[in-house]
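Visitor: The following block contains the structure, expressed as structure tokens.
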Amino acid sequence: MHLSRTHWVVIKISIFLLSLTPFLLLVNDTLRDQLGANPVETLHFTLGDWALRFLCITLALTPLRKLLQQSWPIRFRRMMGLFAYFYASLHFLVYILLDLSLSWTHFIDEVPQSPYILVGLLTFLLLTPLALSSSKTIQKRLGKHWLQLHKLVYIAGISAITHYLWLVKSDISEPLFYSAVMSILLGTRLILYFKKTT
Amino acid sequence: MLIKEKSTILSSEITDKAIFLNRRKIIKAAAGLSITSLLPNTATAEKAKKYAQVPSGPYSANLQVTSIEDATNYTNYYEFSTNKKDSTILARPLKTSPWTITIEGEAEKTGEFNLEDILKNNPLEERIYRFRCVEAWSMVVPWIGFPLGAMLQQFKPTAKAKFAEFTTLYNPEVMIGQRGKSLDWPYVEALRIDEAMHPLAFIATGMYDEDLPKQNGAPLRLVVPWKYGFKSIKAIVKIRFSETMPATAWNKMAAGEYGFYANVNPHVPHPRWSQSRERILGASIFTPKRKTELFNGYGEQVASLYTGMDLKKHF
């Protein structure tokens with residue numbers, strides 16, 4: 001595509017604002033007391049949903065580039081990845097601040113008993129170095145190690161799905177939907193990997 | 001404003017009814033939004049509600065009542081939806097009158113009974129109970145109804161009746177959640193007979209001085225305040241007295257997670273989450289969770305039912 005620099009800036013700003021919209025809507029609902037009977041749960045679940053959606057979008061960009069044989073999807077990969085981390089951080093913060101009320105005692109009492117929370121924490125920990133090493137300067141400095149490090153996102157994708165599947169009581173249709181999406185996204189990479197090696 | 005004057009409750013301890021009916025509306029009005037037509041306005045709240053004169057029964061607690069909007073829009077009613085808000089709308093087509101209840105099993109009087117006839121024999125009272133869900137949230141509801149034990153006695157259970165089993169309506173045409181397999185339908189719950197006869201065990205036909213809303217289990221549901229909410233089965237069409245322990249819905253689904261007894265117990269975590277604290281419905285986002293009490297705070301009344309039992313084993 002032949003777009004000028006200005007065009008790209010406008011497109012990027014639009015995508016940025018669009019990606020921020022779920023957050024702005026939540027802030028609006030919080031201020032207007034529109035989060036329902038269990039506002040902390042609504043915040044927590046909505047943020048978790050968006051973290052997972054942005055993680056899927058991020059992972060979809062490389063296969064999209066190959067499918068379209070165009071490089072533009074990669075221009076958005078960092079932004080989408082950082083939005084995944086943004087929503088994951090808020091999801092984590094809501095849990096620590098509003099659920100555990102910042103209490104270490106509650107953390108020790110409740111977290112080790114909940115395997116799905118441990119898996120959620122693991123996902124967040126895996127995403128942290130990726131977010132921290134996302135700038136171009138660090139990317140250049142790390143060289144080929146950058147790519148190796150960022151393969152952690154595959155494990156994060158699997159653990160995010162596990163976290164979701166594990167917490168649901170009986171109706172697993174939504175986590176199954178995301179499992180299917182994640183399987184396709186990671187599956188394409190596996191296929192390409194084997195094609196390359198054989 | 002309407003001040004409730006019922007014998008055993010200090011009205012000062014309970015949120016004034018006009019306030020709990022209108023909390024959201026006041027906030028919405030302050031936010032400059034239009035008032036929703038779903039909520040009664042102050043004038044109708046002050047008009048005589050259907051059961052405003054129903055006396056308060058024993059065991060009604062001095063607790064801050066949850067707003068009616070929260071209690072009626074956050075229901076686990078998988079017969080309609082696994083979404084707690086959607087069941088409010090999806091339950092609307094359910095026909096709750098006429099309604100019959102089949103009595104089966106180890107009792108002298110069995111057969112089909114009209115709900116009207118059962119209501120004639122069971123005078124209504126109000127019970128304000130805390131309701132604790134296994135999902136670690138709780139609310140306080142002013143139920144209208146009658147003691148379960150008194151009703152069961154009218155069917156003269158025999159000495160062989162060791163358990164009372166309850167079944168929810170099965171009607172996938174209206175209860176669209178039953179078309180899927182989120183649970184093994186119909187929903188079945190049960191109590192040991194001494195639990196069922198305990199004066200705290202209650203059949204609710206109303207709440208907040210009105211008939212039970214459909215999403216909350218109309219026309220009649222069980223309320224067992226010392227047990228997790230899933231024991232409090234909705235829209236009951238059948239009661240069977242049995243000698244052996246019945247298989248119950250959630251227990252069949254995951255026996256390691258949902259025990260037959262399901263007594264509220266902060267010391268027995270659910271395998272996937274802690275039960276030590278609970279979110280109070282309607283509380284602001286900065287209100288910390290409250291500590292869960294053994295038997296949901298009704299230990300003084302019900303602990304003797306379980307003397308000698310290992311509650312960690314029989315959870």
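The values are calculated or read from the model by the stated rules, or taken from the named source; none is laboratory data. Computed from a predicted structure; not experimentally measured. Quick reminder, even Gly has a Cβ in these numbers, built from the backbone with ideal geometry, and neighbours come from all protein chains shown. Side chains are part of the model used for accessible areas, which takes the heavy atoms of the whole protein and leaves out ligands, DNA and RNA. Shrake-Rupley method; radii C 1.70, N 1.55, O 1.52, S 1.80 Å.
Visitor: Restricting attention to helices (runs of 4 or more DSSP H) lying wholly within segment A:1-117, give those where 1 or more residues are buried (at least 19 other Cβ atoms within 10 Å of the Cβ) and more than 14 Å from chain B (Cβ to nearest Cβ).
Guide: On the way: elements: A:5-31, A:39-68, A:77-94, A:104-110.
Those helices (runs of 4 or more DSSP H) span A:5-31, A:39-68, A:77-94.
Visitor: Next question. Output the residues belonging to segment B:104-161 that are of a type in the set (S, T, N, Q), without any contact (Cβ under 8 Å) to a residue 40 or more places away in the chain and in contact with a strand residue (DSSP E or B) (Cβ under 7 Å, 6 or more places away or on another chain).
Guide: Selection gives B:N114 alone.
Visitor: Checking the structure you have, find out if any residue of segment B:284-301 is away from every other protein chain (no Cβ under 14 Å), farther than 30 Å from A:L97 by Cβ and not in a helix (DSSP H, G or I). If you could, list the steps in order and put the result at the bottom.
Guide: Going residue by residue through segment B:284-301, those that are away from every other protein chain (no Cβ under 14 Å) are B:293-301.
Keeping just the survivors that are farther than 30 Å from A:L97 by Cβ gives B:295, B:298-301.
Next, only the ones that are not in a helix (DSSP H, G or I) stay: B:298.
Yes, because at least one residue in segment B:284-301 is away from every other protein chain (no Cβ under 14 Å), farther than 30 Å from A:L97 by Cβ and not in a helix (DSSP H, G or I).
Visitor: Read through the list (1) within 14 Å of chain A (Cβ to nearest Cβ); (2) at pLDDT below 85; (3) surrounded by fewer than 16 Cβ atoms within 10 Å (Cβ to Cβ), then give the number of the only condition that B:S37 fails.
Guide: (1)
Visitor: Only one residue in B:A164, B:A71, B:A136 is on the phi > 0 side of the Ramachandran plot and within 18 Å of the chain's Cα centre (by Cα), so which one is that?
Guide: Values: B:A164 fails: on the phi > 0 side of the Ramachandran plot; B:A71 fails: on the phi > 0 side of the Ramachandran plot.
After applying the criteria, what remains is B:A136.
Visitor: Which one of these is of a type in the set (G, A, S) and open to solvent by 30 Å² or more (accessible area, probe 1.4 Å): A:G120, A:G157, A:G143? Can you show your working first?
Guide: Numbers: A:G120 fails: open to solvent by 30 Å² or more (accessible area, probe 1.4 Å); A:G157 fails: open to solvent by 30 Å² or more (accessible area, probe 1.4 Å).
A:G143 is the lone residue from the list that is of a type in the set (G, A, S) and open to solvent by 30 Å² or more (accessible area, probe 1.4 Å).
Visitor: Among the residues of segment A:137-163, write down those that are small (G, A, S) and not in a helix (DSSP H, G or I).
Guide: At the first step, the residues of segment A:137-163 found to be small (G, A, S) are A:143, A:156-157, A:159-160.
Matches in segment A:137-163: A:G143 only.
Visitor: For B:K291, which of the numbered conditions (1) in contact with a strand residue (DSSP E or B) (Cβ under 7 Å, 6 or more places away or on another chain); (2) open to solvent by 70 Å² or more (accessible area, probe 1.4 Å); (3) within 16 Å of B:P225 (Cβ to Cβ) fails to hold?
Guide: Evaluating B:K291 over (1) in contact with a strand residue (DSSP E or B) (Cβ under 7 Å, 6 or more places away or on another chain); (2) open to solvent by 70 Å² or more (accessible area, probe 1.4 Å); (3) within 16 Å of B:P225 (Cβ to Cβ) leaves (3) as the failure.
Visitor: When you scan segment B:137-150, do you find a residue that is part of a loop (DSSP other than H, G, I, E, B) and either of a type outside the set (A, V, I, L, M) or open to solvent by less than 30 Å² (accessible area, probe 1.4 Å) (or both), even just one?
Guide: Residues of segment B:137-150 that are part of a loop (DSSP other than H, G, I, E, B), as a first pass: none.
No, every residue in segment B:137-150 fails to be part of a loop (DSSP other than H, G, I, E, B) and either of a type outside the set (A, V, I, L, M) or open to solvent by less than 30 Å² (accessible area, probe 1.4 Å) (or both).
Visitor: Sticking with this one: Open to solvent by 70 Å² or more (accessible area, probe 1.4 Å), modelled with pLDDT of 95 or more, more than 30 Å from B:E173 (Cα to Cα) and away from chain A (no Cβ under 12 Å), is that true of B:N121? Spell out the reasoning first.
Guide: Numbers: open to solvent by 70 Å² or more (accessible area, probe 1.4 Å): yes; modelled with pLDDT of 95 or more: yes; more than 30 Å from B:E173 (Cα to Cα): yes; away from chain A (no Cβ under 12 Å): yes.
In short, yes.
Visitor: Against the condition at pLDDT 90 or above, closer than 20 Å to A:F86 by Cβ and open to solvent by less than 80 Å² (accessible area, probe 1.4 Å), how does A:G187 come out, does it pass?
Guide: Values: at pLDDT 90 or above: yes; closer than 20 Å to A:F86 by Cβ: no; open to solvent by less than 80 Å² (accessible area, probe 1.4 Å): yes.
Taking the combined requirement at face value, the residue does not satisfy it.
Visitor: Would you point out the residue of segment B:269-283, among those that are assigned to a strand (DSSP E or B) and open to solvent by 20 Å² or more (accessible area, probe 1.4 Å), that is nearest to the other protein chains (Cβ to nearest Cβ)?
Guide: Initial filter on segment B:269-283 (assigned to a strand (DSSP E or B)): B:270, B:273, B:277-280.
Subsequent filtering for residues that are open to solvent by 20 Å² or more (accessible area, probe 1.4 Å) retains B:273, B:280.
On the way: B:W273: 5, B:I280: 9 Å.
The extreme case among them is B:W273.
Visitor: Which one of A:S170, A:S101, A:S133 is of a type in the set (G, A, S) and within 16 Å of the chain's Cα centre (by Cα)? Walk me through how you get there before you give the answer.
Guide: Working: A:S170 fails: within 16 Å of the chain's Cα centre (by Cα); A:S101 fails: within 16 Å of the chain's Cα centre (by Cα).
The match here is A:S133.
Visitor: State which residue pairs qualify: first residue closer than 22 Å to A:F45 by Cα and inside segment A:73-98, second residue open to solvent by 50 Å² or more (accessible area, probe 1.4 Å) in any location, beta carbons under 6 Å apart, and separation of 6 or more residues or different chains.
Guide: Every condition considered, the pairs that remain are A:M80/A:I57; A:Y87/A:W50.
Visitor: Between B:A255, B:A247, which is free of Cβ contacts under 8 Å to residues at least 12 places away in the same chain and more than 27 Å from B:K85 (Cβ to Cβ)? Before you say what the answer is, go through the steps one by one.
Guide: Working: B:A247 fails: free of Cβ contacts under 8 Å to residues at least 12 places away in the same chain.
The unique qualifying residue is B:A255.
Visitor: Looking only at segment B:65-79, count every residue that is within 12 Å of another protein chain (Cβ to nearest Cβ) and assigned to a loop (DSSP other than H, G, I, E, B) and tell me the total.
Guide: Step one: list which residues in segment B:65-79 are within 12 Å of another protein chain (Cβ to nearest Cβ), which gives B:66-76, B:78.
Checking which are assigned to a loop (DSSP other than H, G, I, E, B) leaves us with B:66-67, B:73-76, B:78.
Summing the residues that are within 12 Å of another protein chain (Cβ to nearest Cβ) and assigned to a loop (DSSP other than H, G, I, E, B) in segment B:65-79 gives 7.
Visitor: Inside segment B:254-289, can you point out the residues that are hydrophobic (A, V, I, L, M, F, W, C) and under 22 Å from B:S304 (Cα atoms)? Break it down into steps so the answer makes sense when it comes.
Guide: The first filter runs over segment B:254-289 and keeps only residues hydrophobic (A, V, I, L, M, F, W, C), leaving B:254-255, B:260, B:262, B:264, B:268, B:273, B:280-281, B:283, B:285-286.
Within segment B:254-289, B:F260, B:A262, B:V264, B:V268 meet the criteria.
Visitor: Can you report the number of residues in segment B:151-197 which are within 14 Å of chain A (Cβ to nearest Cβ), buried (at least 19 other Cβ atoms within 10 Å of the Cβ) and not in a loop (DSSP other than H, G, I, E, B)? I'd like the intermediate steps shown before the answer.
Guide: Looking only at segment B:151-197, we keep the residues that are within 14 Å of chain A (Cβ to nearest Cβ), and these are B:176-185, B:187.
Narrowing further to those that are buried (at least 19 other Cβ atoms within 10 Å of the Cβ): B:177-178, B:183, B:185, B:187.
Retained after the next criterion (residues that are not in a loop (DSSP other than H, G, I, E, B)): B:177-178.
Here the count works out to 2.
Visitor: Kindly list the number of the only condition in (1) assigned to a helix (DSSP H, G or I); (2) within 14 Å of chain B (Cβ to nearest Cβ); (3) buried (at least 16 other Cβ atoms within 10 Å of the Cβ); (4) not aromatic (F, W, Y) that fails for A:E174.
Guide: (3)
Visitor: I've got another one for you. Which of the numbered conditions does A:M182 fail, given that it passes all the others? Conditions: (1) free of Cβ contacts under 8 Å to residues at least 60 places away in the same chain; (2) surrounded by 15 or more Cβ atoms within 10 Å (Cβ to Cβ).
Guide: Answer for A:M182: the failing condition is (1).
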